[in-house]
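Okay, so here's the structure we're looking at.
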Amino acid sequence: MATFIAIVLAAVLTQNFITERTYGICPFLGVSKKTSSAVGMGAAVTVVMAIATAVTYPLYEYVMVPLGIDFLEIIFFIFIIAALVQMIEQVIKRISPSLYSAMGIYLPLITTNCAVLGVCELVIGDMSSIIGETAAAAMNTGWAVLYAVFAGLGFTLVMVIMSGLRERLNNYGDMPRSLKGFPIAMVTAGIISMAFVVFSYIQV
């Protein structure tokens with residue numbers, strides 16, 4: 001239970017991919033104009049994170065390390081993530097054309113989302129500074145996938161918060177012209193990041 005709590009708190013709050021690690025900033029700023037788009041992007045990122053980690057973690061631990069080719073993990077991981085995104089895109093297109101149309105360009109964009117590669121790299125490294133030494137010592141494929149799922153949920157949480165604020169700000173008619181659009185989005189992102197600093201005091 002302690003390992004589970006440490007992973008959840010770190011992935012969602014204390015080490016959030018957007019506010020703490022600044023991974024996935026491009027979709028965070030580009031797809032957070034509407035809440036519906038933010039939710040769709042967050043859900044797609046979460047699914048790809050989980051599947052990519054489920055494939056790359058055992059591949060690294062049980063194939064690449066024994067063969068002495070672990071130094072090639074970034075190249076392998078990029079190809080795996082790109083292939084997974086293409087496969088998921090085709091599956092969704094065949095099973096649910098309506099969902100495929102709703103997601104539009106968001107699914108292909110995940111291929112270049114550094115948050116997905118980031119979670120694959122983090123779980124094979126030293127996680128003790130992120131989730132604590134006890135939880136890091138217990139790291140295996142199951143815990144790695146769990147971390148990826150909650151990292152995706154943390155990503156989605158911040159995306160939804162950002163989109164909600166931007167929708168409200170867009171309806172605020174008295175905003176100075178110099179702040180409209182991208183400038184106010186950057187200010188809002190900074191305020192959200194400062195708010196999440198409070199969670200860094202949680203001991204995991």
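The values are calculated or read from the model by the stated rules, or taken from the named source; none is laboratory data. Fair warning: this is a prediction, and the values are worked out from it, not measured in the lab. Here the Cβ positions follow ideal geometry from the backbone for every residue, glycine too, while neighbour counts run over all protein chains shown. Just the protein is used for accessible areas: all its heavy atoms, side chains included, with ligands, DNA and RNA removed. Shrake-Rupley method; radii C 1.70, N 1.55, O 1.52, S 1.80 Å.
With respect to the conditions (1) in a loop (DSSP other than H, G, I, E, B); (2) modelled with pLDDT under 80, T111 falls short on a single one, namely (1).
All of G152, G142, G125 fail the test of being modelled with pLDDT of 85 or more, within 30 Å of Q86 (Cβ to Cβ) and not in a helix (DSSP H, G or I), apart from G125.
So that you can scan it fast, the table gives a plain yes or no per residue for (1) open to solvent by less than 50 Å² (accessible area, probe 1.4 Å); (2) at pLDDT below 90; (3) out of contact with any Asp or Glu (no Cβ under 7 Å at 6 or more places or on another chain):
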| residue | (1), (2), (3) |
| --- | --- |
| A148 | yes, no, yes |
| R166 | yes, yes, yes |
| G173 | no, yes, yes |
| A185 | yes, yes, yes |
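Is it true that some residue in region 94-116 is among the charged types (D, E, K, R), farther than 22 Å from L9 by Cβ and crowded, with 16+ Cβ neighbours inside 10 Å? Scanning region 94-116, I find no residue that is among the charged types (D, E, K, R), farther than 22 Å from L9 by Cβ and crowded, with 16+ Cβ neighbours inside 10 Å, so the answer is no.
Just one of the numbered conditions (1) farther than 17 Å from F150 by Cα; (2) modelled with pLDDT of 90 or more is not true of A52: (1). Residues considered: Y147, Y100. Of these, the only one that is assigned to a helix (DSSP H, G or I), under 22 Å from the mean Cα position of the chain (by Cα) and in contact (Cβ under 8 Å) with a residue 24 or more places away in the chain is Y147.
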